[in-house]
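Scroll down for the structure; my scribbles are underneath it.
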Amino acid sequence: MAPILQLHAVKAFYGAFEALHGIDVEVEDGGMTVLLGANGAGKTTTLRAVCGMVRSEGDIVFAGEALQRRSTEQIAAMGVAHVPEGRGTFVGLTVEENLRLGAYSRAGKPHDAMTRMYGYFPILADRRRQQAGALSGGEQQMLAIARALMMAPRLLVLDEPSFGLAPRVVEAIFAIIDRIRREQRVSVLLVEQNASLALELADQAYLIETGYVVASGSAKALSDDPQIRRSYLGY
Amino acid sequence: MHLFLQQVFSGLASGAIYASLALALVMIYRATDLVNFAQGEMAMFSTYIAWMLVNAAVPFWAAFALTLVISFIGGMIIERVVIRPVENAPVLAAVVVTIGLLLIFNALAGWLFTYTLQEFPSPFPDRPLFGALLTSRDLGVIAVTLVMLALLFVFFRFTTIGLAMRAAAQNPASARLCGIRVGRMLTIGWGLAAAIGATAGIMVAPILFLDPNMMGGVLLYAFTGALLGGITSPVGAVIGGLIVGVTENLVGTYLIASQLKLTVALILIVIVLVFRPNGLFGTAIVRRV
C-alpha cells in the first residue's frame, strides 16, 4: 500500500531550538501509525510539523503533495484533520456550532455528516445545544474527534486522545476510533501515552526519543521488543 | 418625575450611540486583545465622508449606506496595511499604532475639513413625543441602534462566516485546524467595527456638531461602557453603553454642572476597575504561561 503521509528527514524548530533532528515517519493509506515516547521527545512536535504549526525543514508529503510552505488552514482544507493536545474545542460555542465549524472547509450542507456523528456519539446529540465548555472531559474529546471527522478528512491526526480521561472512557473512545477508521476509510496518525492500547490498534509504530526515531516497525514487532516492553509497556 | 424620565430617555439615546462604539471596541478587543484607540477618530472620519455625500445632494439614507460600505472597506484596509504588521508584536507596540492612527485621522480631518464646527443633518425630525417624554430624534437614534444590533446578532448567530469569526476570535489555533483563514476573519472584523463606528458617528453628529475632535468624549464614554460590560462581552458592551448614557445624563442634571459630565466616565472607570475588574458580563482572563 502506498503511504498517504510521508515524512523524510524532517527537522522542526521552536525559534532557534531544534526539536526534531531529521525524522522519517510514514502512515499507510487506510493504516494507523502510532508515535510512542516520553514527554518532550518530540511526538507532538511531529504532528505540529505535519499541520504547519511549527517551522520545519525536510520533506512532508501528503497524498502526493508537499505540505511545506502551506498554511495550517490550507493543510486542513486538503483533508488533514488535527485534534490537538488539550482537544481544542471552542468552549464558548455550542456542540452543534463546533460541529458546523468542522465542516467549514467542506462545500454543501453539513447536515448528513452531523447526523452520522450523532450516530457515533449519541451523547453529543443529547447535548447539541449546550456550550462545549460544559461537557465532561470524555465528551469534549468525543466532540473534538467528531468535529475533526466533519471535515471528511483522509488523515486524522490525534494527539493523546486519552489524556486526563478515566480508563473506561479511554477504551470507549478507542473502540469508536477503530470503528470509524474502518467505516470511513480514514488513515490515522496517533500520539499516545497508553502504549499497550495504542499498539493493539495500530499497524505501524515509531519510538521517538529526544527528537530522533530510535525504533520503528510494525506495531506487533515493537510490542514484542523486550526493551520497549520494559520501558513503555511495563511488563 | 417628568424631568427624570425625560433625562432617562435622552440618556438612552446617547447611550445607544456609546453602545455602538463600545461594541466596535469589544469586537476588536475579542479578536486581537487590542483596544483600538483610533475607533472614535475612524468614526469621525466616516462621518465627514457622509457629510460630503450629503452636501453633494445624495439623499440622507443613501449617503448613510454608502458611508457604511466605504467605512467597511476602509477598516479592512487599515487592518491589512497598518495592524497586520504588528500582529505578533508586543501589545504595547500595537497600542501605540492605534494611537498613531488616532492622531493621523484627527490631523487629516483637520487638514481636509478644517476644525470649524459643521452642521450635520439629522434624518429624524425633532418633535416631542408622548407628552414631551422623548423626542422623535432620540427615538430614531435608539431605533437605528436596535436595528444594527439585530442585524449583527443574526450575522454572528446564523451565518457560517459569522460563526467562523466567533471561532477565530475565541481560539485562533483551533480555527486554523478547521480550515478557517483567521487573518481574513480579523480583516472582516475591522471592517465591521469601522462600519459600526460610522453608524455611531453619523447618529451623534447632529447632536454634537461635526468637527475633528467630535468623538473624543464619545470614545471615552464608549470605552467606559465596554469596560463596564466586561470588555469581552458584546451584550455587556451594549448594556454598559446604555448605563453610561443614562448615568451621565442623570448626574449632569441633578448632581453636577453638565460641563463636568465627562468626569462621570472617568469615575465610572475607576469604580469598575476597583470593584469589578471583569465588568458586569466579562469573564476573568487567565493567561497560561
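Points to keep in mind about this one:
- Phi-based couplings in Hz for segment B:145-162 (Karplus 6.51, -1.76, 1.60; Gly and Pro marked x): 4, 5, 4, 5, 4, 5, 5, 5, 4, 4, 4, 6, 8, 10, 9, 4, 5, x
- Under 15 Å from A:K43, Cα to Cα: aspartates and glutamates that are on another chain or at least 8 residues apart: A:E18, A:D24, A:E26, A:E85, A:D159, A:E160, A:E192, A:E209
- For A:I4, distant residues with modelled amide H under 5 Å away: A:V27, A:E28, A:D29
- Among A:T44, A:Y14, A:G31 the positive-end extreme of the charge dipole of segment A:8-48 (Cβ point charges): A:Y14
- Average partner coverage of A:94-105, which counts Cβ from other chains inside 10 Å: 4
- Candidates A:A148, A:A77, A:A166: whichever shows maximal mean-square fluctuation once chain A is modelled as a Gaussian network with Cα springs under 10 Å: A:A166
- The A:L197 and A:E18 beta-carbon pair, evaluated with R₀ = 22 Å, returns a calculated FRET efficiency of approximately 0.10.
- Sites listed here are trypsin sites (Lys or Arg not before Pro) in segment A:31-78 whose DSSP assignment is loop and whose Cβ has at most 15 other Cβ atoms within 10 Å: A:R69.
- Amide H contacts of A:E209 (H built 1.01 Å from N, in plane; Pro and chain starts excluded): A:V214 sit under 5 Å, all sequence-distant by 5 or more or on other chains.
- Reachable aspartates and glutamates, given that their alpha-carbon falls under 12 Å from the alpha-carbon of A:K220 and they are not under 8 places away in the same chain: A:E200, A:D203
- Sites B:L133 and B:L112 - FRET efficiency at Förster radius 51 Å, r taken between beta-carbons, to 0.05: 0.80
- Summary of the geometry: segment A:129-152 and segment A:167-235, compared by the centres of their Cα atoms, lie 23 Å apart.
- Cα centroid of segment B:60-91 to Cα centroid of segment A:1-37, whole Å: 42 Å
- For segment A:202-209, 3J(HN,Hα) computed residue by residue from phi via the Karplus equation (6.51, -1.76, 1.60; θ = phi - 60°) reads 7, 9, 10, 9, 10, 9, 10, 9 Hz, glycine and proline entered as x.
- Taking other Cβ atoms within 10 Å as a rough exposure proxy, A:E192, A:E139 sort from fewest to most as A:E139, A:E192.
- Sorting the segments A:22-30, B:96-104, B:199-207 by their residues' average number of neighbouring beta-carbon atoms within 10 angstrom, most packed first, yields B:199-207, A:22-30, B:96-104.
- Approximate spin-label separation A:R230-B:D126, in nm, with each point projected 7 Å along Cα-to-Cβ: 9.2 nm
- Contact order normalised by residue count of chain B, Cα under 8 Å, 6+ apart, percent: 36 percent
- Longest site-free stretch - chain B; sites: chymotrypsin sites (Phe, Trp or Tyr not before Pro), DSSP loop, at most 14 other Cβ within 10 Å: B:1-114
- DSSP bridge orientation in segment A:83-214 - percent antiparallel, rounded to nearest 5: 35 percent
- Selected from B:D138, B:D211, B:D126 as most flexible by GNM, with chain B as the system and alpha-carbon contacts under 10 Å: B:D126
- Of the GluC sites (Glu not before Pro) found in segment B:1-99, those that fall in a DSSP loop while having at most 13 other beta-carbon atoms within 10 Å are B:E87.
- Residue-count net charge about A:R69 - beta-carbon cut-off 14 Å; Lys, Arg +1, Asp, Glu -1: -2
- Förster-model FRET efficiency, 45 Å R0, B:I104 and A:A215, C-beta, rounded to 0.05: 0.15
- Scanning residues 5 or more positions from A:V54 or on other chains, those with amide H under 5 Å from its amide H are A:A49, with H placed 1.01 Å from N in the peptide plane.
Any read-out appearing in this document is the output of simple, stated calculations on the displayed coordinates, not a laboratory observation. Every value quoted in this text rests on a predicted model; they were computed, and no experiment measured them. Glycine also receives a Cβ, built like all others from the backbone with ideal geometry; neighbour counts cover every protein chain displayed.
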